Amino acid sequence: MRPSLLAVNAGSATLKFRVYADNGADLLVDGLIDRFGDAAGSVLTLSDARGNRLEEKPLQEPGKEASVAAMINTLADHRMRVDTVVHRVVHGGGVYTQPVRLTGDVRERMEEWVPLAPLHQPVSLAVIDAFSALDAALCQIACFDTAFHATQPEVATRFGIARHWHDEGIRRYGFHGLSYASIARRLPALGLDQARVVVCHLGSGASACALASGESVAASTGFSTVEGLMMSTRPGAIDPEVLLYWMEHEGMGVREVRRELYKNSGLLGVSGLSADMRQLLTSTLPAAREAVELFCYRVVREIGALAACMKGIDALIFTAGIGERSPEIRARVLKQLSWLGFELDLSANLAQARRLTAPTSLRHAYIVPTDEEGEMARAAAALLTEPA
């Protein structure tokens, strides 16, 4: 069997995974477990590096551990032996700014940050525990979304609250760091390694980040993954008094407020129709059109704020599901940024070209596909080659 490195990216309902050669660079297979851990309806799909479907099968046993075991067994059937597993973990608590080998102590620290990422961190821990239960000796590595933003200046990490709260960890962390790291790694190929770039990670979860010479200097997300841009079901930036109003005048408890923020807001909440941008773009309902308009408005506003943090902007990059695949959203954003010198090339945008702006444009915008799993694999491979 071929030794390999497994990169897993766990969501609330899915487990994305990719298998790489042990150098962390060569992709072998791409997979997904939909309805991850469900008692019924969980399905595993596996494709080769070119996207050709290798397998699709329902998983018979419920639970995350059973799903992980099925994944390992399926890979073994295709003559791949998993020697190392690298996990995407949302929160590193400002402590872990590099990938780390998972030990009991590291896992204990990660447990401490569950209150900082209540919907994401427990899922990561459950997947880590599932692999440990199957093979306690298996090498596991954690890569943290917050790590990329450790380069931000101190002023960018603070809220205007009492100092002792900041010292206790109530601060801006920034998220989607693995996505931004994957973009930063490819900036030199675009001639942007020394540039001031705003990257828009537009997907179900959305955020934007200011990169100066490839390093994070500011981000739209802060203490949590709720802040910043409007998302599929999250509101983005919201006056905290709204939350107090809900609790004081509507009698909502913490769980109800959290559900409103994470599940009932954003595109879904504003449109009353769907959290899927594709469906909203084809709808004629006024509320659906308003949801799309608000989404783009928030993106444009955040780009302006991040450009101000860098005292200018040289280029704009779109990535993630909406950013990579929606010409209409990109066009709406770029047309509103024409005053900054972005001249949209309509045909290039429709053709999904890498560069979206006209040759005569003062500043250029690009599509760069995100590669979180690839970034994790490269980081893990580098860590494994370091002296013990």
Q. Residues of region 268-292 being free of Cβ contacts under 8 Å to residues at least 60 places away in the same chain, outside any helix (DSSP H, G or I) and either among the small types (G, A, S) or in contact with an Asp or Glu (Cβ under 9 Å, 6 or more places away or on another chain) (or both), which ones?
A. G272, S274, S283
Q: Out of T385, T357, T370, report the one residue that is free of Cβ contacts under 8 Å to residues at least 24 places away in the same chain, β-branched (V, I, T) and in contact with a Phe, Trp or Tyr (Cβ under 9 Å, 6 or more places away or on another chain).
A: T357
Q: Determine the pairs where a residue that is at pLDDT 95 or above, located within region 246-263, has a partner that is among the aromatic types (F, W, Y) and surrounded by 10 or more Cβ atoms within 10 Å (Cβ to Cβ) with Cβ atoms under 8 Å apart, the partner being 6 or more residues away or on another chain.
A: M252/W246; E256/W246; V257/W246; E260/W246
**Q.** Residues within region 196-236 that are assigned to a loop (DSSP other than H, G, I, E, B), closer than 20 Å to A365 by Cβ and either open to solvent by less than 10 Å² (accessible area, probe 1.4 Å) or touching a helix residue (DSSP H, G or I) at 6+ places or on another chain (Cβ under 6 Å) (or both), tallied
**A.** 5
Q: Taking the options A25, A21, A49, A10, name whichever one is within 17 Å of S132 (Cβ to Cβ) and either free of Cβ contacts under 8 Å to residues at least 40 places away in the same chain or not polar (S, T, N, Q) (or both).
A: A10
**Q.** Residues that are surrounded by 12 or more Cβ atoms within 10 Å (Cβ to Cβ), out of contact with any Pro (no Cβ under 6 Å at 6 or more places or on another chain) and assigned to a strand (DSSP E or B), drawn from region 41-55
**A.** L44, T45, L46, S47, D48, L54, E55
Q: Please tell me if L6 is within 19 Å of V89 (Cα to Cα), at pLDDT below 90 and assigned to a strand (DSSP E or B).
A: no
Q) In the set I317, I329, I313, which member is surrounded by 17 or more Cβ atoms within 10 Å (Cβ to Cβ), over 21 Å from the mean Cα position of the chain (by Cα) and not hydroxyl-bearing (S, T, Y)? A) I313
Q. What is the number of the single condition among (1) within 23 Å of Y96 (Cβ to Cβ); (2) at pLDDT 95 or above; (3) touching a strand residue (DSSP E or B) at 6+ places or on another chain (Cβ under 8 Å) that F175 does not meet?
A. (2)
Q) Could you say which residue among D105, D129, D145, D135 is surrounded by 22 or more Cβ atoms within 10 Å (Cβ to Cβ) and acidic (D, E)? A) D145
Q.
Report every pair of residues separated by at least 6 positions or lying on different chains whose Cβ atoms are under 8 Å apart, first residue within region 327-341 and free of Cβ contacts under 8 Å to residues at least 24 places away in the same chain, second not charged (D, E, K, R).
A. A331/L344; A331/L346; A331/N349; K335/L344; S338/L344; G341/S361; G341/L362
**Q.** Residue within region 355-370 that is aliphatic (A, V, I, L, M), assigned to a helix (DSSP H, G or I) and farther than 19 Å from S232 by Cα present
**A.** no
(Q) For T97, only one of the following conditions fails: (1) polar (S, T, N, Q); (2) under 29 Å from R258 (Cβ atoms); (3) assigned to a helix (DSSP H, G or I). What is its number? (A) (3)
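Of everything in region 250-267, what is in a helix (DSSP H, G or I) and open to solvent by 60 Å² or more (accessible area, probe 1.4 Å)? Give them in sequence order.
V254, R255, E256, R258, R259, K263
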Q. Just for region 136-153: of the residues that are of a type in the set (A, V, I, L, M, F, W, C) and part of a loop (DSSP other than H, G, I, E, B), which one is nearest to H176 (Cα to Cα)?
A. L138
Q. Only one of (1) touching a Pro at 6+ places or on another chain (Cβ under 9 Å); (2) within 21 Å of T385 (Cα to Cα); (3) open to solvent by less than 10 Å² (accessible area, probe 1.4 Å); (4) not hydrophobic (A, V, I, L, M, F, W, C) fails for Q121. Which number is that?
A. (2)
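The values are calculated or read from the model by the stated rules, or taken from the named source; none is laboratory data. What you are looking at is a predicted structure, and each value in this text was computed from that prediction instead of being measured. Neighbour counts are summed over all protein chains in view; Cβ atoms, including those assigned to glycine, are modelled from backbone coordinates with ideal geometry. For accessibility, only protein heavy atoms count, side chains too; no ligands or nucleic acids. Shrake-Rupley method; radii C 1.70, N 1.55, O 1.52, S 1.80 Å.
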